[in-house]
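**Q** Here you go, one structure.
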Amino acid sequence: MTPDQLTATLDAKQQAAGGDHEFMPGLITVKSSVWCDSLYAIERITKTLDEGIRHRGIKVMVSSLFESQVLTRAEAGDRGAPYYDLTSRG
């Protein structure tokens, strides 16, 4: 996954949700090798340890055990909390 692919996926999931908060993007999981190869370059912030790394308001979790994907809030459950509105592209 590249930064451009991530942006396209987030935008597509937001549009597909049609305003239903359960189907909005809720968690970005990234395989550590993909993070090191390309996704490290995404715009990201970390305000507190509880909130973790965030891209456009969505929590980013990085691990060698993860598949690189964007989960909905329903799929992510508590792992993506606290949830925020998806911010615009920066």
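The values are calculated or read from the model by the stated rules, or taken from the named source; none is laboratory data. Note that the coordinates shown come from a computational prediction; the quantities given were computed from them, not determined experimentally. Every residue, glycine among them, receives a Cβ derived from its backbone with ideal geometry; neighbour counts consider all protein chains shown. Keep in mind that these areas ignore ligands, DNA and RNA; they rest on the heavy atoms of the full protein, side chains included. Shrake-Rupley method; radii C 1.70, N 1.55, O 1.52, S 1.80 Å.
Results for (1) in contact (Cβ under 8 Å) with a residue 24 or more places away in the chain; (2) in a strand (DSSP E or B), shown as yes or no for each residue.
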site: LEU10; (1), (2): yes, no
site: THR29; (1), (2): yes, yes
site: VAL34; (1), (2): yes, no
site: LEU49; (1), (2): no, no
site: VAL60; (1), (2): yes, yes
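**Q** Here are some conditions: (1) of a type in the set (Ser, Thr, Tyr); (2) in a helix (DSSP H, G or I); (3) modelled with pLDDT of 95 or more. TYR40 meets all but one. Which one does it not meet?
**A** Just one mismatch for TYR40, condition (3).
**Q** Any idea which of GLU75, GLU43, GLU67 is more than 11 Å from the chain's Cα centre (by Cα) and more than 20 Å from PRO3 (Cβ to Cβ)?
**A** On inspection, the qualifying residue turns out to be GLU75.
**Q** Next question, about the same structure. Any chance you could count how many residues in the stretch 39-60 are under 21 Å from LYS13 (Cα atoms) and open to solvent by less than 60 Å² (accessible area, probe 1.4 Å)?
**A** Number satisfying all stated conditions: 10.
**Q** I would also like to ask the following. I'm told GLN5 meets every condition in (1) open to solvent by 70 Å² or more (accessible area, probe 1.4 Å); (2) touching a helix residue (DSSP H, G or I) at 6+ places or on another chain (Cβ under 7 Å); (3) part of a helix (DSSP H, G or I) except one. Can you identify the failing condition by its number?
**A** (2)
**Q** Residue by residue through the stretch 15-38, note down the ones that are in contact with a strand residue (DSSP E or B) (Cβ under 6 Å, 6 or more places away or on another chain) and open to solvent by 30 Å² or more (accessible area, probe 1.4 Å).
**A** Matches in the stretch 15-38: PHE23, SER32, TRP35.
**Q** Name the pairs: first residue in the stretch 62-90 and within 18 Å of ILE42 (Cα to Cα) and open to solvent by less than 40 Å² (accessible area, probe 1.4 Å), second residue charged (D, E, K, R) and part of a loop (DSSP other than H, G, I, E, B), Cβ to Cβ under 7 Å, at least 6 apart or on different chains?
**A** Final answer for the pair search is LEU86/ARG56.
**Q** Can you name every residue in the stretch 62-90 that is over 12 Å from ILE28 (Cβ atoms), among the charged types (D, E, K, R) and assigned to a loop (DSSP other than H, G, I, E, B)?
**A** ASP85, ARG89
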